[in-house]
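Q: I have a structure I would like to understand better, so I am pasting it below and will then ask my questions one at a time.
Just so you know, all these numbers are worked out from the coordinates, no wet-lab data involved. Here the structure is a predicted model, which means the values were calculated and not measured. Cβ sites come from the backbone with ideal geometry, for glycine too, and all protein chains shown count toward neighbours.
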Amino acid sequence: MLNSHLCSIFEYLEAKLLQIFKTFTDLREQLDSGQGSVGFVPTMGALHEGHVSLVRRAAAENTRVVVSIFVNPTQFNDPADLEKYPRNLEQDLQILESLGSQLFVVCPAVSELYGDRLESKIYDLAHLSEVMEGAMRPGHYQGVATVVEKLLKEVRPDQAYFGEKDFQQFKVIERLVALESIDVRLVQCPIAREHHGLARSSRNELLSPQARRDAGVIYAVLQQIKKDYQAGDYSYPFLKSKGIRELSKIPNSRVEYFILADEESLEEIESLGDSTKVRAFVAVQLEKIRLIDTLNYQE
Ligand code: AMP
């Protein structure tokens, strides 16, 4: 008797761990009726350890945590990429529930965020939209900035959590927050990796098992070139072409870029003494799936 009573209390508590909202209107009502700092983790779902690390950090640093799951159409410059982007809401909710923290999860409809105008606002992102991901994916960062502005204005968090993996995106969001005077603290969290070093990504699920294993080379190359960089014996053009050559050895790969850039400006360096805050950035297509990664070369 006591046992079944305890069981039902446990089920009740567990059921209350996740509160799922289909609209921001409902979420706002909930947030407005409570107190304490709000941490926010925006995601596009197909959750993995990378997302989980952000949620854990947000839960450790805030009274309340909001996780959004929304595949944002305006940031996909390639309709086929949007079409095949992995979606698995049921599994996402199970993952979030297993974290054991009280979470508010919001899964809005496209129409709530965009009405009948499914288009990006145009921001002055300066060179951020012209280099690396900005150059390879025209319009991508305008779409990211558009949705992040909408999300931040709906959730009004004290702190919002993003991954270092999308380092350029973080710079775009910093700029967005300054441009639009949004009152939020942005927190950048380290990259979660698979056991062989591949940066975790929802897109990894789309790779064949062999390609997923092969993709561990990306991180190995980032580390190898870092050693060469820190030894200081080689020119930048040599390091760059070595990086590209090594990445090209991955079967079925196409290297989009491998560059060293200044962390603040994201301008590519020309020679080794150009910056004291150098970071490597890489984008590789593997079986037509785009994978990106980055590594700080200073620390
Ligand atoms: P996404 O669902 O891909 O839009 O990612 C949502 C958030 O999770 C973004 O802030 C990403 O930078 C972050 N994220 C994605 N992959 C990782 C990872 N491997 N490690 C840490 N954060 C990540």
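Q: Compute the length gained on full extension between Ser271 and Gln94: take 0.36 nm times their separation in residues and subtract their Cα-Cα distance, giving the result in nm to one decimal.
A: 58.9 nm
Q: Here is a follow-up. Output the 0 to 90 degree angle, nearest 10, between the alpha-carbon long axis of helix 89-98 and the longest principal axis computed from the alpha carbons of the chain.
A: 80 degrees
Q: How tilted is helix 236-248 with respect to the longest principal axis of the chain? Cα atoms for both, answer in degrees (0 to 90, nearest 10).
A: Value to nearest ten degrees: 60.
Q: Quick one: if you stick a label point 7 Å off each Cα along the C-beta vector at Arg156 and Gln230, how many nm between them?
A: Using points 7 Å along Cα→Cβ, the separation is 4.6 nm.
Q: Charges on Cβ only, +1 for Lys and Arg, -1 for Asp and Glu, centred on the Cα centroid of the range 4-189; of Gly45, Ala80, Gln159, which one is farthest towards the dipole's positive end?
A: The Cα lying farthest towards the positive end belongs to Gln159.
Q: Right, another one. Taking amide H positions as placed in the peptide plane 1.01 Å from N, state which residues far from Ala192 in sequence (5 or more) or on other chains have amide H under 5 Å from it.
A: It is Arg200, by chain and number.
Q: What are the ³J(HN,Hα) couplings of the range 287-299, residue after residue, when phi is run through the Karplus curve with 6.51, -1.76, 1.60 and θ = phi - 60°? Round to Hz, x for glycine and proline.
A: Couplings: 6, 6, 9, 7, 10, 10, 7, 7, 8, 6, 9, 8, 6 Hz.
Q: Here's a follow-up. Calculated FRET efficiency, Lys249 and Glu112, Cβ-Cβ r, R0 41 Å, to nearest 0.05?
A: 0.35
Q: Here is a further query. So which lysines pass the test for Lys22, namely a Cα distance under 25 Å, with those fewer than 8 places away in the same chain ruled out?
A: Filter leaves Lys84, Lys121, Lys150, Lys153.
Q: Shifting gears a bit: Between the DSSP loop rule and a limit of at most 13 other Cβ atoms within 10 Å, which GluC sites (Glu not before Pro) in the range 95-137 are left? Kindly include the intermediate steps, with their values, before the conclusion.
A: Details: sites: Glu97, Glu112, Glu119, Glu130, Glu133; in loops: Glu119, Glu130.
Filter output for the range 95-137: Glu119, Glu130.
Q: Another question, if that's okay. Taking the Cβ of Asp183 as the centre, find all other residues whose Cβ is under 12 Å away and add up their charges (Lys, Arg: +1; Asp, Glu: -1).
A: Details: positive: Lys153, Arg156, Arg185; negative: Asp158, Glu180.
With Lys, Arg at +1 and Asp, Glu at -1, the neighbours total +1.
Q: Rank-order 31-39, 99-107 by packing density, defined as the average count of other C-beta atoms within 10 Å over each peptide's residues, highest first.
A: 99-107, 31-39
Q: Through the Karplus equation 6.51 cos²θ - 1.76 cosθ + 1.60, θ set to phi - 60°, convert the phi angles of the range 143-159 into ³J(HN,Hα) values in whole Hz; use x for Gly and Pro.
A: Result, ordered by residue: x, 4, 4, 4, 6, 5, 4, 4, 5, 5, 6, 6, 7, 6, x, 7, 9 Hz.
Q: By a straight-distance test (C-alpha under 25 Å), which lysines pair with Lys227 as possible cross-link partners, with residues fewer than eight away in the same chain excluded?
A: Correct list for Lys227: Lys165, Lys240, Lys242, Lys249, Lys277.
Q: Compute for the chain: radius of gyration divided by Kirkwood radius, i.e. Rg/Rh, restricted to C-alpha atoms, rounded to two decimals.
A: 1.00
Q: Within the range 119-188, list the trypsin sites (Lys or Arg not before Pro) lying in a DSSP loop whose Cβ has at most 16 other Cβ atoms in a 10 Å radius.
A: Here the sparse-neighbourhood loop sites are Lys121.
Q: Would you give the gap between the C-alpha center of the range 128-181 and the C-alpha center of the range 26-88, rounded to a whole Å?
A: Cα centres, the range 128-181 to the range 26-88: 14 Å.
Q: Next up: Search the structure for amide H atoms under 5 Å from the amide H of Arg185, placed 1.01 Å from N in the peptide plane, and list their residues when 5 or more places away or on another chain.
A: Gln159, Ala160
Q: Here's a follow-up. Per DSSP H run of at least 4 residues, take -39500 (n - 2.57); add these up for the chain, divide by its residues and hand me the 222 nm value, nearest 500 deg cm²/dmol.
A: One gets -12500 deg cm²/dmol as the mean residue ellipticity at 222 nm.
Q: A further question follows. Could you give the angle, 0 to 90 degrees to the nearest 10, between helix 49-61's Cα long axis and the longest principal axis of the Cα atoms of the chain?
A: Helix 49-61 and the main axis of the chain meet at about 60 degrees.
Q: Count the DSSP beta bridges whose two residues both fall in the chain, then state the antiparallel fraction as a percent rounded to the nearest 5.
A: Numbers: 19 of 39 bridges.
Expressed as a percentage, antiparallel bridges in the chain total about 50.
Q: Right, something else. What does the charge count near Pro86 come to, summing +1 for each Lys or Arg and -1 for each Asp or Glu among other residues with Cβ under 12 Å from its Cβ?
A: On the way: positive: Lys84, Arg87, Arg203; negative: Asp81, Glu83, Asp92, Glu205.
Charge balance near Pro86 sits at -1.
Q: Tell me the GluC sites (Glu not before Pro) within the range 177-268 that lie in a loop according to DSSP and have at most 12 other beta-carbon atoms within 10 Å.
A: Counting only loop positions with at most 12 other Cβ atoms within 10 Å, the GluC sites (Glu not before Pro) in the range 177-268 are Glu264.
Q: Another one. Using Cα pairs under 8 angstrom and six or more residues apart, how large is the relative contact order of the chain, in percent?
A: Answer for the chain is 16 percent.
Q: Under 5 Å between amide hydrogens, which residues at least 5 positions from Leu103 or on another chain qualify, with H placed 1.01 Å from N in the peptide plane?
A: So Leu103 has HN proximity to Leu18, Gln19.
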